[in-house]
Amino acid sequence: MIGQTISRQSKQTIANLVQKRFSHDLIVSPKTGRTIIRTGGGGRSSSNGHVITVFGCTGFLGRYLVNRLAREGAHVIVPYRDEDDMRHLKVMGDLGKIVPMEIHLRNKDSLEAAIRHSDTVYNLLGRDYETRNFSFSDVHVEAAGVIAELAQKHEVDRLIQMSALNATVDSPSRFLSTKAEGEQLVRSIFPSATVVRPSAMYGQEDRFLARLAMSRGLSVRINGGSTKVRPVNVSDVATAMHLMLDGKNTIGETFELVGDKEYTYKELLDYIKETTNLDIGDLNVPKPVASLVAKAMNLLPWQTLGADEVERMMIDDKLTGAKTFADLDVQPSSLEITGIQYLRRFRTNLYNDEPLPKGTLNKKKVFHTSYL
Ligand SMILES: NC(=O)c1ccc[n+]([C@@H]2O[C@H](COP(=O)([O-])OP(=O)(O)OC[C@H]3O[C@@H](n4cnc5c(N)ncnc54)[C@H](OP(=O)(O)O)[C@@H]3O)[C@@H](O)[C@H]2O)c1
C-alpha cells in the first residue's frame, strides 16, 4: 500500500518535471506565425520568449516599462545615446537579459541593429522641447517613420507607438501636431501598430507635479489656471503598455490613457500647496507674456519651461472615444491618494511645526505622520 502511494507520488513528480509547458506557454504571432515559447516559473530568471526593443528607454516612462518587461524574463534591447543614462536599466533583468545598444537617430544602421532580432518594438522617443540638433519633427515624425519602416522590414509582430493626448495635426502646439503626424505616418507604414496617447504623467522624477512643486513662489497660473487636465500615474501607463505586449485586443488600436479624475491647474496648485505647505505662487500671467518669457528663458543653457509647453498648458485634456484603461482592465490610481508619495519630499521642516487639525487629542507640536 505504502509502496503504491510512493510510486504514485513519484509518477506525479516525474509528470510535473516532464510537463513543463502548457498550451498557454505557447504564443503564435497572428501576423508572422512566429512562435513565442515561455519557459520557467515566470520570474526574471525564466524566459517569456519575447525579444523587445524599447526606444526611449532612458526616459521617465522607459525605466518603468523596462522593469515590467525584464522582471518576467524578456530579453530587452535598450537603445541609448549616453551610457550613463542606461546603466540603471541593466540591473532590472537577469544577467544578459538587458542588452544595451548605442544608437543615433540619424544613423539608420544603428536603429536597424536594435530592431533586427526583436518581435516587439516600443517607440517611446519624444522630447518636450526642441534642441539645436533635433526638432519636434525629427524625433516625433521622421524617427518614428524610420522605426516603423524597419519594424515592417524585419517582420516585427508588434509595434507600440507613443503619442500624446490631444495630438491633432492642426494643434497650435508643435509638440502635439508632430505627435499626430507621427501617428499617421506610423499607421501608414505599419497598420497594426498600437498607438498610446497618455495625458501628463506623474510619478517619481516626473516633470509635472515636481515642476509645479519645485517652482515654489515662482509658480504661475496660465489661462487663469482653468485648463482642465487628467494627470495619469506613470506606473499605470507602464502597466497598460506591458499588457499590450500579448493583448490581442490592442492590435491596431489607439489607447487614450488618462487619470481617474479631471482637475483644473488651479485645483492642482491648491492640492500641492495643501500637501506640501509650500508657498506656491498664484499669479495669473497672460499667455503672450508667458510665451515671451518662456522664449527668453529658452536661451538659457539648461532646460526651462518652453514656449510650446505654454501653448500646451492652454489646451484642455479631451478624450476622443478611443480605447482606455478600462479595455485593459486597469484601474487608474487616484492622484489624491498616490500624489503624497511624490510630493512629500517637497515639504519643508516648517510643515512639522504646524498645529494639528482641530479635534486631534495631542495639542503639542508633533510630527504630522498620523495624517501624512
Ligand atoms: N511625460 C509626459 O507627461 C508625457 C505625456 C504625453 C506623452 N508623452 C510621451 O511619452 C513618451 C515617453 O515620455 P517620457 O516622459 O518618458 O519622455 P522623456 O523622459 O523625455 O524620455 C524621452 C526618451 O526619448 C529619447 N530621445 C529624445 N530625443 C532623442 C533623440 N534626438 N535621439 C535619441 N533619443 C532621443 C530620450 O533619450 P535621452 O535619454 O538620450 O535623451 C529618452 O529616452 C515620449 O514620447 C513623450 O513625448 C509623455
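The values are calculated or read from the model by the stated rules, or taken from the named source; none is laboratory data. All values reported here derive from a predicted model rather than from experimental measurement. Here Cβ is always computed from backbone atoms with ideal geometry, including for glycine, and neighbour counts include all displayed protein chains.
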Next on the checklist: Out of the residues in the range 197-225 meeting the condition of being touching an Asp or Glu at 6+ places or on another chain (Cβ under 9 Å) and more than 12 Å from the ligand (Cβ to nearest atom), tell me which one is nearest to E267 (Cα to Cα).
Outcome noted: G225
Item to check | Any pair with Cβ under 6 angstrom, 6 or more apart, that starts in the range 136-162 at a residue that is closer than 18 Å to G252 by Cα and among the polar types (S, T, N, Q) and ends at one that is within 14 Å of the ligand (Cβ to nearest atom) and part of a helix (DSSP H, G or I) | outcome: Q161/V186
Item to check | Single match in Q184, Q161 (criterion: away from the ligand (no atom under 12 Å from the Cβ) and either outside any loop (DSSP other than H, G, I, E, B) or at pLDDT 95 or above (or both)) | outcome: Q184
Next on the checklist: Show the residue pairs meeting these rules: Cβ distance below 6 Å; 6+ apart or different chains; first residue within the range 18-30 and modelled with pLDDT of 80 or more; second residue among the polar types (S, T, N, Q).
Outcome noted: V28/T35
Checklist entry - Any residue at all in the range 54-71 that is hydroxyl-bearing (S, T, Y), within 14 Å of the ligand (Cβ to nearest atom), touching a Ser or Thr at 6+ places or on another chain (Cβ under 8 Å) and under 15 Å from I160 (Cα atoms)? => result no
Checklist entry - Between residues in the range 119-135 that are closer than 19 Å to A238 by Cβ and more than 9 Å from the ligand (Cβ to nearest atom) and residues that are part of a strand (DSSP E or B) and of a type in the set (S, T, Y), which pairs lie under 8 Å by C-beta distance while being six or more apart or on different chains? => result T120/T53; V121/T53; Y122/T53
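For every residue, the table says whether it meets (1) within 30 Å of V169 (Cβ to Cβ); (2) in contact with a Lys or Arg (Cβ under 8 Å, 6 or more places away or on another chain).
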| site | (1), (2) |
| --- | --- |
| G41 | no, no |
| S46 | no, yes |
| L65 | yes, no |
| R71 | no, yes |
| N123 | yes, no |
| Y129 | yes, no |
| N133 | yes, no |
| H140 | yes, yes |
Item to check | Pairs, first within 9 Å of Y122 (Cβ to Cβ) and touching a residue at least 60 places away in the same chain (Cβ under 8 Å) in the range 61-73, second within 13 Å of the ligand (Cβ to nearest atom) and β-branched (V, I, T), C-beta under 9 Å, six or more apart | outcome: G62/V54; G62/V78; L65/V54; L65/V237; L69/V54
Item to check | Tally, over the range 72-82, of residues that are more than 10 Å from the ligand (Cβ to nearest atom) and either at pLDDT 95 or above or in contact with a strand residue (DSSP E or B) (Cβ under 6 Å, 6 or more places away or on another chain) (or both) | outcome: 5
Checklist entry - Restricting to the range 128-154, what's the tally of residues that are over 19 Å from the mean Cα position of the chain (by Cα) and either at pLDDT below 95 or of a type in the set (S, T, N, Q) (or both)? => result 7
Checklist entry - Counting only residues that are modelled with pLDDT of 95 or more and among the polar types (S, T, N, Q), which one in the range 31-69 is surrounded by the fewest Cβ atoms within 10 Å (Cβ to Cβ)? => result N67
